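A.B. asks: Provided herewith is a single structure, encoded as structure tokens, for subsequent inquiry.
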Amino acid sequence: MAPIVSEEYKRKKKKEILAGALACFAKKGFQAATIDDIVAYSGISKGAIYNYFKSKEEIYLELLNEQTESANARLEENISMLSSAEEKLEYLFDLYRDMSPFSQERKDRITVQLEFTLHSSRDENLNRILNERGKKFFLKLITDIMEDGQIAGEFRPDADPNHVAGLFWTFMDGAMLHRAINEEYPYRTIIDYVKNLVLQDLKKE
């Protein structure tokens, strides 16, 4: 009879696998990393890893979900305490601006995430999962703020909320990538500059 394993043990083991996998992906690159490499980094047997995950892609998706769920809950709580749409949009720009200087862990997460995104473009199922994830929270976060601002008369009514959301995340992805690979990139200054451009444009009559 197989031993009974508690839920707490399973959670702990999954966290160990995920931590080892992130370190492995950051060091070797997502494409080059193998399950054997994750075994070496985590100290957990291949059989044990396969008890929890079917592939390295599934491991990375779990890493994304773990990071996103906790961060999103805090973000939504902080945004809900702000009264105007303009304050909420400004808060998001400032939040990303103040992430700099990046810790090594943040650099690792950024580079691995961008590498995985490129990898997913060659896999229809992975691409669908990432796109749905983006629409479910990240794009919706901005479009909700935009729509509230338009209803309240803060933002011009002809601004397309989807275009503003796409602009915000496209810009942030690019800015974080440049900051992660170039210490001299003027990350904070550029974010402030783009924030002012966006807010000025949204308030034009």
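The values are calculated or read from the model by the stated rules, or taken from the named source; none is laboratory data. As the structure is a prediction and not an experimental result, all values here were calculated from the model. Ideal geometry is used to build each Cβ from the backbone, glycine not excepted, and the neighbour counts take in all protein chains shown. Calculation scope for accessible area: heavy atoms of the full protein, side chains included, ligands and nucleic acids excluded. Shrake-Rupley method; radii C 1.70, N 1.55, O 1.52, S 1.80 Å.
A.B. asks: Place a +1 charge on the Cβ of each Lys and Arg in the stretch 125-164 and a -1 charge on the Cβ of each Asp and Glu, then give the dipole magnitude about the Cα centre in debye, rounded to the nearest 20.
C.D. replies: 360 debye
A.B. asks: Leaving out ligands, DNA and RNA, and with a 1.4 Å probe, what % of the accessible surface on the stretch 63-203 is carbon or sulfur?
C.D. replies: Exposed carbon and sulfur together represent 51 percent of the surface.
A.B. asks: So which lysines can Lys10 reach, going by Cα to Cα under 25 Å and dropping same-chain residues fewer than 8 places off?
C.D. replies: Output for Lys10: Lys46, Lys54, Lys56.
A.B. asks: Of Asn125, Asn72, Asn162, which has the largest mean-square fluctuation in a 10 Å C-alpha GNM of the chain?
C.D. replies: Looking only at Asn125, Asn72, Asn162, the biggest GNM fluctuation is shown by Asn125.
A.B. asks: If you don't mind, another one. As I understand it, the dipole of the stretch 7-152 uses +1 on the Cβ of Lys and Arg and -1 on the Cβ of Asp and Glu, about the Cα centre. Which of Asn125, Ile79, Leu141 lies farthest toward its positive end?
C.D. replies: The one lying farthest along the dipole's positive direction is Asn125.
A.B. asks: Calculate, in nm to one decimal, what Tyr52 and Leu177 gain on full extension: separation in residues at 0.36 nm each, minus their alpha carbon distance.
C.D. replies: Stretched fully, the Tyr52-Leu177 segment lengthens by 41.9 nm.
A.B. asks: Another one. Can you tell me the orientation of helix 104-120 relative to the chain, as the angle in degrees between its alpha-carbon axis and the longest Cα principal axis, to the nearest 10?
C.D. replies: Approximately 90 degrees, to the nearest 10.
A.B. asks: About the Cα centre, and with charges only on the beta carbon of Lys, Arg (+1) and Asp, Glu (-1), how big is the dipole of the stretch 46-205? Nearest 20 debye, please.
C.D. replies: 480 debye
A.B. asks: Expressed as cubic angstrom per residue, what is the convex hull volume of the alpha carbon set of the chain?
C.D. replies: So the per-residue hull volume is 141 Å³.
A.B. asks: Right, here's the next one. On a full-extension model of 0.36 nm per residue, what is the gain between Asp148 and Glu8, subtracting their alpha-carbon distance, rounded to one decimal in nm?
C.D. replies: Length gained between Asp148 and Glu8: 46.3 nm.
A.B. asks: Would you tell me the accessible area of Met176, worked out with a 1.4 angstrom probe on the heavy atoms of the protein chains, in Å² to the nearest 10?
C.D. replies: Met176 exposes around 30 Å² with every protein chain in place.
A.B. asks: At 1.4 Å probe radius, can you tell me the per residue accessible area of the chain in Å²?
C.D. replies: Spelled out: the 1.4 Å probe surface of the chain, per residue, equals 60 Å².
A.B. asks: By how many nm would the segment from Asn127 to Ala23 grow when fully extended, if each residue of separation counts as 0.36 nm and the alpha-carbon distance is taken off?
C.D. replies: 35.1 nm
A.B. asks: Please report how many Lys pairs in the stretch 63-203 have alpha carbons closer than 21 angstrom, counting only residues at least 8 apart along the chain or sitting on separate chains.
C.D. replies: Eligible lysine pairs with Cα atoms under 21 Å apart amount to 8.
A.B. asks: By accessible area of protein heavy atoms, probe 1.4 Å, what ranking do Thr143, Thr117, Thr189 get, highest first?
C.D. replies: Output order, biggest surface exposure first: Thr189, Thr117, Thr143.
A.B. asks: Still on this model: With θ set to phi - 60°, apply the Karplus curve 6.51 cos²θ - 1.76 cosθ + 1.60 along the stretch 73-85 and write out the HN-Hα couplings as whole Hz, x wherever there is a Gly or Pro.
C.D. replies: These are the phi-based 3J(HN,Hα) values: 4, 5, 5, 4, 5, 5, 5, 5, 7, 8, 8, 10, 5 Hz.
A.B. asks: Exactly which trypsin sites (Lys or Arg not before Pro) in the stretch 48-154 are in a DSSP loop and have at most 12 other Cβ atoms within 10 Å?
C.D. replies: Lys54, Arg122
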